[in-house]
Number of protein chains: 2
Amino acid sequence: MSAAGKITLVGIGPGSVEHMTARARSAIAEADVVVGYVTYIKLVADLLEGKEVVRKGMTEELDRAVSALEAAREGKKVALISSGDAGVYGMAGPTYEVLFQAGWTPDDAVQVEIVPGASALNACAALVGAPLTHDFCAISLSDLLTPWPVIARRLDAVARADFVVALYNPKSGRRTRQIVEAQRLFLRHRRADTPVAIVKSAYRRRQNLVFTTLDQMSEQDIGMLSTVLIGNSSTFLRNGLMVTPRGYANKYDGLAQGGETRDGEKPGRSLSTGLLGWLHALREQVDAGRSVAELACEHDLPEDYIAATLAEPMDGAVEPVGAEDADER
Amino acid sequence: MSAAGKITLVGIGPGSVEHMTARARSAIAEADVVVGYVTYIKLVADLLEGKEVVRKGMTEELDRAVSALEAAREGKKVALISSGDAGVYGMAGPTYEVLFQAGWTPDDAVQVEIVPGASALNACAALVGAPLTHDFCAISLSDLLTPWPVIARRLDAVARADFVVALYNPKSGRRTRQIVEAQRLFLRHRRADTPVAIVKSAYRRRQNLVFTTLDQMSEQDIGMLSTVLIGNSSTFLRNGLMVTPRGYANKYDGLAQGGETRDGEKPGRSLSTGLLGWLHALREQVDAGRSVAELACEHDLPEDYIAATLAEPMDGAVEPVGAEDADER
């Protein structure tokens, strides 16, 4: 009886050997069978000698997952490779769906491991400067499996809430209008000159970086190998680098208008806009006669949320001024 | 005259040698000076022989960036290390801010390189199953530099728009209420039994995974080394694995109620809810006498957006049924 098989979903990163993790390489090296889209198979060609290689073309991910399970049930070790991170618009979700439908459980003889990798947004960001820095979203403009209104609501919501946004699958030969709609939605909330970077083939031979602005985004050369990064209201372009400053230390309540962070911001001031300072201020406003409805409007937050958070007792401890939050960096 | 110095911002991934990229290791190996938070310095101890090591404690990122620039100006190669990816709540943004303030430009003798790595959300996701899969956001609950209302609006927006959400810096000794507020906001839009995973120290010695639900999220043991992953409306927990299915292939217009994707969904049906199918349907509804206001309400999209997209001519090409979109996976 052969040894138990295994399926390893490997995120190979942006697609250069240098940017693969040691575990990604060892997982491929250990495998008997390597399955993946032909472009990624080529990227790991040096590791494939003596192995069974299953090159999947432009077919459904489910086919690749099914092949992997069949081979693993024969006792083989299978490496199923994705560009970037297998969990981000990659093979991880579809593979587990196939496994569950086939009756697999974690107690099964066939083991499953997911090897994390840097996703396209991380790789592209590293090339253009420091566009992410803080809160960000990833949205796919591929509407084959997701209805357009769902995507549109997501685009509008994150544009309004001032996230940095990475657009995956921004455009293809057939999907040419989605990027136009994305631009339309973003322009409802963000300045026309908001920095946008379009990165093609990050860390690969045909790597290309284009810096533009939101109002010209949809006119750029964007294809299947591109990722689009849209800055938030503070993001700036300087000396050819796209940088998003941290937080809103220079502006009260996030009314950031762009530009760099100013030095000398006192910790006490920042703290007053943190949660506990904000709650104290809310209570003072209520005590002074302001209504919940007015406060909800002023802070652009739901009324029921304002009411609920006011109703919850504070635990009495106020963060001391200048205290260092032991946040890891 | 010494050779030109260099600053390399290295994302070391989750914090095990196996999950570092080859470039991350070579950048550290090449460096004369290695700067970083003491926890990460320890993780790369094997690479540090003969190097000047600057262990920064719990201080501002700006100090680390200033040290790096000073050393690089002396001609040294400096590796500035971050856990995860340097561009995600890491050193990249603060470093560029310091560099610009010091008059640096990309034409400077001092070179700058950012080495991408897998961020905490990728590493944590790989351990709990396939929670990301599709559109997701990262939000930091650290309100030291960002006013609470900005964070609250972001949480509410992405909860409503049905993103999978990763919470960074979810809780600390001093910041204990932010996670409670996050739960409150999410419960406005998402079921109480929405799967949540809390991952501590992914791929490190004290790694710990906890699976819970949204209504119990804030009661869990969450600390400085934790990342919280909140599922979307389709995410399910099965056999101890948290999985988000792709898209909404099983439900028209995204009214997903959770559960697995059904087989046999016809490409034609999916296509009808894609952008072009939706635009055709919109026009038909307008021709049948529906008002823009009604349609905006029905699709939960802004009226001005509906009006603008209807006003733009379609280019006449409808995506053929069953056409394969050459999306990379």
- Within the group A:ALA102, A:ALA65, which residue is of a type in the set (Gly, Ala, Ser) and buried (at least 24 other Cβ atoms within 10 Å of the Cβ)? A:ALA65
- Query: Taking into account only those residues within segment B:142-172 that are at pLDDT below 95 and small (Gly, Ala, Ser), which is nearest to B:PHE186 (Cα to Cα)?
  - Reply: B:SER142
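State whether one or more residues within segment A:22-44 are of a type in the set (Asp, Glu) and either assigned to a strand (DSSP E or B) or within 12 Å of chain B (Cβ to nearest Cβ) (or both).
no
Quick check on A:ASN208: is it in contact with a Ser or Thr (Cβ under 6 Å, 6 or more places away or on another chain) and either within 11 Å of chain B (Cβ to nearest Cβ) or more than 29 Å from B:ASP300 (Cα to Cα) (or both)?
No, not satisfied.
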- Task: Being farther than 21 Å from B:PHE236 by Cβ and modelled with pLDDT of 95 or more narrows it down to one of A:LYS76, A:LYS56, so name that one.
- Result: A:LYS76
- Inter-residue pairs, beta-carbon under 7 Å, first of a type in the set (Lys, Arg) and in segment A:75-91, second surrounded by fewer than 24 Cβ atoms within 10 Å (Cβ to Cβ) and assigned to a strand (DSSP E or B), 6+ apart: A:LYS76/A:VAL33; A:LYS77/A:LYS6
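Just to verify a result, which residue in segment A:59-117, among those that are polar (S, T, N, Q) and farther than 10 Å from A:LEU9 by Cβ, is nearest to the chain's Cα centre (by Cα)?
A:SER83
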- Item | Residues (in contact with a Phe, Trp or Tyr (Cβ under 9 Å, 6 or more places away or on another chain) and more than 9 Å from chain A (Cβ to nearest Cβ)) located in segment B:85-111 | B:VAL98, B:VAL110
- Message: If I ask for residues that are more than 7 Å from chain B (Cβ to nearest Cβ) and over 21 Å from A:ILE28 (Cα atoms), which ones from segment A:112-138 would you list?
- Response: A:LEU121, A:CYS124, A:LEU127, A:VAL128, A:PRO131
- All but one of (1) modelled with pLDDT under 95; (2) over 22 Å from A:HIS19 (Cα atoms) hold for A:VAL180; which doesn't? (1)
- Message: I'd like to know if segment B:46-66 contains one or more residues that are more than 17 Å from A:LEU127 (Cα to Cα) and hydroxyl-bearing (Ser, Thr, Tyr).
- Response: yes
- Item | Flag if B:PHE136 is within 30 Å of A:ALA65 (Cα to Cα) and of a type in the set (A, V, I, L, M, F, W, C) | yes
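The values are calculated or read from the model by the stated rules, or taken from the named source; none is laboratory data. Computed from a predicted structure; not experimentally measured. Quick reminder, even Gly has a Cβ in these numbers, built from the backbone with ideal geometry, and neighbours come from all protein chains shown.
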